[in-house]
Amino acid sequence: MKRALILLFAAGLVIVLGYAISQPNRLFWNNLEVTVTAYNSTPGQTDGDPTRAAWNNRLKPGMKAVAVSRDLIERGLNNRTEVWIDGFDGPYIVLDKMNQRFTQRIDIYFGTDVKAAREFGERTARIYWR
């Protein structure tokens, strides 16, 4: 009986820890509070081809993509890293990088919907990544 309880407890612990590690949280994931803005793939907002991101990734409207400031790249937010943003359905994928003048900032990709990007404005949110 005692052995069965220990085994049951161990199995429960593995399940709980597995779930905790798989979900964005402050204990097991990298996290940081950043400024969140929006951007579009329009000729006026890019350097050249509006559908090609800085790491040579293709951007298509409807994608859950973000651009990150270069200081976040040093923290591990590299090309194709999954990022979860508090208050948003995730994950988002890092596909682009921002101009060097920005720090602690991510840009959420809004495709070609300039109006929606402007309405989004600027916010602060906590992001999570592994």
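Only the coordinates and a few stated rules stand behind these numbers; no lab work does. Please read all numbers here as calculations on a predicted model, not as lab measurements. Glycine also receives a Cβ, built like all others from the backbone with ideal geometry; neighbour counts cover every protein chain displayed.
In the set (i) 42, 32, 22; (ii) 70, 27, 26; (iii) 42, 33, 28, which value of Cα extents along the principal axes in Å was calculated from the structure you see?
Computed from these coordinates, Cα extents along the principal axes in Å corresponds to label (ii).
For the chain, build the charge dipole from Cβ charges (+1 Lys, Arg; -1 Asp, Glu) around the Cα centre, then report which of SER69, ASN40, PHE120 sits farthest towards its positive end.
Final value for the positive-end residue is SER69.
Compute the separation of the alpha-carbon centres of the range 55-79 and the range 101-130 and state it in Å as a whole number.
11
Mind listing the long-range amide H neighbours of THR112? Cut-off is under 5 Å, sequence gap 5 or more, other chains count too, H placed in the peptide plane at 1.01 Å from N.
Distant-sequence amide H within range of THR112: SER41.
At a Cα cut-off below 25 Å, give the lysines reachable from LYS64, other chains included and same-chain residues fewer than 8 away excluded.
Answer for LYS64, where 25 Å is the Cα cut-off: LYS97, LYS115, listed by chain and number.
Tilt of helix 2-22 relative to the longest C-alpha principal axis of the chain, in degrees (0 to 90, nearest 10)?
Helix 2-22 sits at roughly 0 degrees to that axis.
Within the range 65-130, list the GluC sites (Glu not before Pro) lying in a DSSP loop whose Cβ has at most 16 other Cβ atoms in a 10 Å radius. Each step should come with its number before you reach the end.
Working: sites: GLU74, GLU82, GLU119, GLU122; in loops: GLU74, GLU122.
Filter output for the range 65-130: GLU74, GLU122.
Could you list which residues have their amide H under 5 Å from that of THR81, counting only those 5 or more apart in sequence or on another chain, with H placed in the peptide plane?
Sorted by chain and number, the residues that satisfy this are VAL94.
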